[in-house]
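Here's the structure, in structure tokens; my notes come after.
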Amino acid sequence: MADVHNQALFVETIIDTIPNPIFYKDADGIYVGCNQAFAAFHGLNKADIIGKSVFELAPMDLAEQYNAADLELLNNPGVQVYETLVRAADGSVKSIVFNKATIQMSDGSVKGLVGVMLDITQRKQVEQDLLEEKERVQVTLNSIGDAVISLATDGKITFLNQIAAALIGCEANEVLGRNLDDLVSFVDKTSDGKLQNQPRTWREEDLINESTRMIRRDGREFAVERSLSAIRKQNGVSTGSVLVIRDISEKNNLLQQIMYQAKYDSLTELPNRYLLNERLNAALAEAKPKNHMVAVMFLDLDGFKLVNDTVGHTIGDILLKGVAKRLGSCLSENDTIGRLGGDEFAILMPNVRDTQAIIEMADKINEALKQPWLFEGHEFVVTASIGISVYPIDGSNGEILMKHADTAMYKVKEQGKNSYVFFSYYMDRKIMERIQMEKSLRHAIKNEEFVVFYQPQVRLSTGKITGVEALVRWKHPKRGLIPPNDFIPLAEETDLIIPLGDQVLRMVCEDVKRWHDDGFPSIRVTINLSAKQFLQKDLLENICSILEEFHLAPNTLELEITESVAMRDVGLTLELLHNLKAMGVGLAIDDFGTGYSSLNYLKRFPISTIKIDKSFIDDVATNLSDAAIVTGIITLAQNLGLTVIAEGVETEAQTSLLRDKRCDVIQGFLFSRPVPVEQFRTIWQENLSPAAPDQSKQQVNTQQPCIMR
Ligand code: C2E
Ligand code: CA
Ligand code: CA
């Protein structure tokens, strides 16, 4: 036995000595072991990892990815190798190759998997540097005015720059690998006779500035000068050649035009996305060795669509030209402004000293756009939302910098436009998380992953349950129960609250119907409505039809809306509330005291209940001013004939003060947390029995909420 123990310790020590992170998981994906390096990578102790799933170690989107890979491996026992980016505990991003293999018993059963992480960040960096070096050469070649073509010894094209592609009249990637002689031919200027296609004769010798005419396959002719240099190995053997062609036709019109169209926006005459990218890459290539900063600004006009819709596209175009001009006037000599399309522009600042210079530029732009535009008697102000990313902190290549500036720009739009924001990784992760969350939420609605918990409300004078609030939870298949505050705001933003609200209403009606059928007495059942739901056009019809479907009377239901929702559009609220009241549906004002409700309106709104917000109840027993506010609300409500519910009652002291102040009903953890329907039925059943003690005075449900974050 001791031997076995010693052996296990010995193995563990060996594994801990290995510098690569190693982990083991069981067949359910739970970590059952790992080495020191793995724990250190996550900034945790080994003991903190064992027993956890990847969902507790990695952000949701990544965790889902890893989990999917695990599942695939477990279902197809064997080996799995893949490469991915991982953020280590110290915040650095590493390129990791995961090597995973299933742990299989002799009977073939799979017990789990073992994984090793190989950090290839450094190797990747070298590859990246090489790639950048190559890009630098390409950018340089693209930026010179001559056509440059590399040829293999057999005459096949191995590289060409953009000018060369334009000169030949094809896309660069179409002609790579093709023989130059199939695309153009050169004609002797003096004899006017076609040169023999004898590649060797002119490919192997160096030529300098030989004048000739070049004829393309489409028949177009150019007067050109060509130079050729052979590329030789050290032993003198030629491995190919570089051909440089200069267009010397007098006006050179066609080529100029083609090049121009490919690189400039026809409306504003600003560089287009293509040219901007090219300049960005050139700027990065230059900045890298010198340690300069390069800034990219993404700029989207606010309210441009309104102009287009009001005065039409012609004027919209004039406005875009005007904006382009104003923006141009803000730039300094080395900056580039380009139009990316529509009302999107980008500015490249190739050599910035410090962030202050970027801020000054953004301010200058906002200032320049402030001046209103006058068209056909309409006055427009078109502001801009500007997202900014900066090399090297926000990305090392052009593509990522552009993407991040775009992300930051969306953040500005989200925050109310007409401003600028610098990109931050946090933003990117937040947006990713949000997108992921929205996806899972959509899926959850389709799969009906929601459950309703019930929290009883107790009448203080009798200790009996007089109502119950329905509170939704998301039963996430992997993350467990998710509380509403973590998903209702997103559901609200994405309009998913409408189908979700329908599901909640339906589940509640189903439960209520069963209570009726099982002989429970009628009590007030309340459902929360958020702003979007309340303002939904067919709210009334919807509620009506669901109630009818379950044969329930409208007065079984009470809807809760917050003060701020009610006050958003008082006229509309009044109309809606009257209609609901006419139908027989009860109404409560939730979180009372936290919004800016006017007591005047309270009088005019046909409501039946107000719920005093938990924040006033928290210190009601100890803080005199809170006690005074609560007393005031109770008195007022009673004068208006409304029921008052105190929310979030957690202590005896609060209960006895509320009883003194003649509060009608309490709701809170002291009596019961929100619980699943079966448990609520049990609590209710006990509360109904005549022998039951006054339960408002004692805690009957001490169970912790089953909420996992
Ligand atoms: P709410 O309407 O103000 O609901 C009361 C919240 O306070 C509930 O949180 C409840 O669990 C909690 N609570 C009750 N008593 C106590 C207590 O004694 N101490 C403490 N600390 N908390 C207490 P929950 O269930 O997490 O719901 C949060 C919010 O989510 C709700 O606030 C409501 O605005 C929203 N919500 C819940 N279900 C739905 C729904 O079906 N539709 C909509 N639109 N919103 C919902
Ligand atoms: Ca509520
Ligand atoms: Ca509330």
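The values are calculated or read from the model by the stated rules, or taken from the named source; none is laboratory data. All figures in this text were calculated on a predicted structure; none of them were measured in a lab. Positions of Cβ are generated from backbone atoms using ideal geometry, with glycine treated the same way; all protein chains shown enter the neighbour counts. Only protein heavy atoms, including side chains, enter the accessible area calculation; ligands, DNA and RNA are left aside. Shrake-Rupley method; radii C 1.70, N 1.55, O 1.52, S 1.80 Å.
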Legend entry - Among (1) away from ligand 3 (no atom under 13 Å from the Cβ); (2) within 40 Å of the chain's Cα centre (by Cα); (3) open to solvent by 10 Å² or more (accessible area, probe 1.4 Å), the one test that Thr573 misses: (3)
Inset, instruction - Please verify whether the stretch 598-606 includes one or more residues that are part of a loop (DSSP other than H, G, I, E, B) and under 23 Å from Ile523 (Cα atoms). - result: yes
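So that you can scan it fast, the table gives a plain yes or no per residue for (1) in a helix (DSSP H, G or I); (2) more than 16 Å from ligand 3 (Cβ to nearest atom); (3) touching a Pro at 6+ places or on another chain (Cβ under 8 Å); (4) of a type outside the set (S, T, N, Q):
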{"position": "His551", "(1), (2), (3), (4)": "no, yes, no, yes"}
{"position": "Ala566", "(1), (2), (3), (4)": "yes, no, no, yes"}
{"position": "Val630", "(1), (2), (3), (4)": "yes, no, no, yes"}
{"position": "Gln638", "(1), (2), (3), (4)": "yes, yes, no, no"}
{"position": "Gly641", "(1), (2), (3), (4)": "no, yes, no, yes"}
{"position": "Val644", "(1), (2), (3), (4)": "no, no, no, yes"}
Inset, instruction - Name the single residue, out of those in the stretch 636-680 being in contact (Cβ under 8 Å) with a residue 60 or more places away in the chain and among the β-branched types (Val, Ile, Thr), that is farthest from ligand 2 (Cβ to nearest atom). - result: Thr655
Inset, instruction - Could you check Gly341 against (1) on the phi < 0 side of the Ramachandran plot; (2) touching a residue at least 60 places away in the same chain (Cβ under 8 Å); (3) out of contact with any strand residue (DSSP E or B) (no Cβ under 8 Å at 6 or more places or on another chain) and say which number it fails? - result: (1)
Inset, instruction - State yes or no: is Val649 over 23 Å from Ile527 (Cα atoms), buried (at least 20 other Cβ atoms within 10 Å of the Cβ), of a type outside the set (Lys, Arg) and out of contact with any Asp or Glu (no Cβ under 9 Å at 6 or more places or on another chain)? - result: no
Legend entry - Count - residues of the stretch 389-430 that are out of contact with any helix residue (DSSP H, G or I) (no Cβ under 6 Å at 6 or more places or on another chain) and farther than 21 Å from Leu280 by Cβ: 9
Inset, instruction - Those residues that are at pLDDT 90 or above and away from ligand 3 (no atom under 11 Å from the Cβ), I need them from the stretch 584-605; list them, please. - result: Gly584, Val585, Gly586, Leu587
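So, in the stretch 485-503, of the ones that are in contact (Cβ under 8 Å) with a residue 40 or more places away in the chain and open to solvent by 20 Å² or more (accessible area, probe 1.4 Å), which residue ends up nearest to the chain's Cα centre (by Cα)? Give the derivation first.
To start, the set of residues in the stretch 485-503 that are in contact (Cβ under 8 Å) with a residue 40 or more places away in the chain comprises 486-488, 490-492, 494, 496, 499-500, 502-503.
Applying the additional criterion that residues be open to solvent by 20 Å² or more (accessible area, probe 1.4 Å) yields 486, 488, 492, 494, 499, 502-503.
Values: Asp486: 16, Ile488: 17, Glu492: 16, Thr494: 13, Pro499: 22, Asp502: 26, Gln503: 26 Å.
Among those residues, the one meeting the criterion is Thr494.
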Legend entry - Residue list for the stretch 652-690, restricted to those being among the aromatic types (Phe, Trp, Tyr), surrounded by fewer than 20 Cβ atoms within 10 Å (Cβ to Cβ) and over 19 Å from Val512 (Cβ atoms): Phe669
Inset, instruction - Under 7 Å between Cβ atoms, at least 6 apart or on separate chains: pull out the pairs that start in the stretch 400-417 with a residue that is not assigned by TED's automatic domain parsing to the domain that holds Ile386 and end on any residue that is surrounded by fewer than 19 Cβ atoms within 10 Å (Cβ to Cβ). - result: none
Legend entry - Single condition Thr462 does not satisfy, out of (1) touching a Leu at 6+ places or on another chain (Cβ under 6 Å); (2) away from ligand 2 (no atom under 16 Å from the Cβ); (3) closer than 27 Å to Cys663 by Cα: (1)
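If only one of Ile14, Ile30, Ile49, Ile18 is in the same structural domain as Gly112 (by TED's automatic domain parsing), open to solvent by 20 Å² or more (accessible area, probe 1.4 Å) and under 31 Å from the mean Cα position of the chain (by Cα), which one is it?
None of the other options fit; the residue is Ile30.
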Inset, instruction - Output the residue which, of all residues in the stretch 436-482 that are touching a residue at least 12 places away in the same chain (Cβ under 8 Å) and assigned to a helix (DSSP H, G or I), is most open to solvent (accessible area, probe 1.4 Å). - result: Arg442
